[in-house]
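Just below is one structure, and these are the notes that go with it.
The numbers here are math on the coordinates, done by the rules we state, and not lab data. Note that the structure is a prediction, hence the values are computed from the model and not measured. We place every Cβ from the backbone using ideal geometry, glycine too, and count neighbours over all the protein chains shown.
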Amino acid sequence: MKNFLHKAYKFSNSWTGTIIIVLFVVFFIAQAFRIPSGSMKDSLLIGDHLFAKKFAYGIPMPHIPFIEMSIMPWSDDLRLMDGDTPKRGDIVIFRYPKNIKQHFVKRCVALAGDELFVADKNLFIHFKEGNDWIKKHYKGYAIALYDGKLWVQNPYMKKHPGIHHDPKIINNGNYPAPIFFVDPIKVQKNHYFMMGDNRDHSNDSRFWGSVPYDNIEGTPWFIYFSIDKNWKIRWDRIGKTPADLEQEPYLQKAIQERQREDKEYYGIT
């Protein structure tokens, strides 16, 4: 046993061993991602660098970092092994269905079988479990009756306070229609409907449809580095999980940063 451990130690210290270990970690355990856009404000910010938990939803097909080439280039499969599936409210990292080399980070708002529509920016969901289940689990929420079904209005805003709308975005014909209205749809089998927490500044499923399970890569694990547009390190965010960042005072700091950016961009308070 000691001989085996000694050989394993020597191998891990070699260039070959180091490369194999690093690739194993990147392919199957944790991969570094940077938040490039503001679609998940105020939950995740531009300049947040995070590790993704790659094994959260099964095992995606490993791709070589930076060039995004599959380790099995002869195959179009995006998944090695099925596993758990995203739950409602999870923040999910996935491959953009229109360009699988591009990663998106959004919140899962609806599962296969759920129905939803957007009216005047408000998200309404009829969960597949049905009216009685909705009555039991969404007491205290605004609920609409339409077509004989109960629809919960904005079901995630209470639990995830980083979700918000931009009051400056109004339905005056200058902005894309899906921000304001989406006709009732039913999420198809093995698909997930994704939306950004910064609802009025997010390119998401409202525009290009639901995300197949095979495109799911993982979920944010924790922030390992964060820097704002002025190159100031956000020390208080480092080491925090998305759940941590939804708590005070992190959320308030994120809101204040967004408001400062809005003031600089729009010239308003």
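Key figures
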{"item": "Per DSSP, loop chymotrypsin sites (Phe, Trp or Tyr not before Pro) in the range 178-269 with at most 10 further Cβ within 10 Å", "result": "W231"}
{"item": "Burial ordering of T241, T219, T85, T16, fewest other beta-carbon atoms within 10 Å first", "result": "T16, T241, T85, T219"}
{"item": "Most mobile listed residue (I46, I143, I67) in the chain, GNM with C-alpha springs under 10 Å", "result": "I67"}
{"item": "Mean Cα-pair separation over length for the range 151-230, i.e. relative contact order, pairs under 8 Å, 6 or more apart, %", "result": "25 percent"}
{"item": "Using θ = phi - 60° and Karplus 6.51 cos²θ - 1.76 cosθ + 1.60, couplings along the range 51-65 (whole Hz; Gly, Pro as x)", "result": "9, 8, 7, 6, 9, 5, 10, x, 10, x, 5, x, 10, 5, x"}
{"item": "At R0 = 30 Å, FRET efficiency that the Cβ-Cβ distance of F225 and K186 yields, to 0.05", "result": "0.15"}
{"item": "Residue with peak Gaussian network fluctuation, the chain [Cα springs, cutoff 10 Å], from P36, P97, P167", "result": "P167"}
{"item": "Prolate/oblate/rounded label for the range 172-269 (Cα gyration tensor, a/c 1.5)", "result": "oblate"}
{"item": "Label point distance in nm, I59-Q153, each placed 7 Å from Cα along Cα→Cβ", "result": "4.7 nm"}
{"item": "Given the chain, longest segment not containing exposed loop trypsin sites (Lys or Arg not before Pro) (DSSP; at most 13 other Cβ within 10 Å)", "result": "1-86"}
{"item": "The range 33-131: chymotrypsin sites (Phe, Trp or Tyr not before Pro) in DSSP coil with no more than 10 other Cβ atoms inside 10 Å", "result": "F66, W74"}
{"item": "The range 2-266: relative contact order in percent, alpha carbon pairs under 8 Å with at least 6 residues between", "result": "23 percent"}
{"item": "Rounded if a/c under 1.5, otherwise prolate or oblate - the range 2-266, Cα gyration tensor axes", "result": "prolate"}
{"item": "Helix-only mean residue ellipticity at 222 nm for the chain, each DSSP H run of n ≥ 4 adding -39500 (n - 2.57), per residue, nearest 500", "result": "-6500 deg cm²/dmol"}
{"item": "The range 48-165, relative contact order in percent, only Cα pairs under 8 angstrom and at least six apart counted", "result": "15 percent"}
{"item": "Virtual spin-label span in nm between N99 and M72, 7 Å along Cα→Cβ", "result": "2.6 nm"}
{"item": "Helix axis angle, 15-28 relative to the chain longest principal axis, alpha carbon, degrees", "result": "20 degrees"}
{"item": "Global form of the range 100-160, assessed from the alpha-carbon gyration tensor, a/c cut-off 1.5", "result": "prolate"}
{"item": "Separation of the I169 and H137 label points, Cα + 7 Å toward Cβ, nm", "result": "2.7 nm"}
{"item": "Flagged links, alpha-carbon separation over 30 Å, of K189/K240; K135/K189; K158/K253; K101/K139; K189/K253", "result": "K189/K240; K101/K139; K189/K253"}
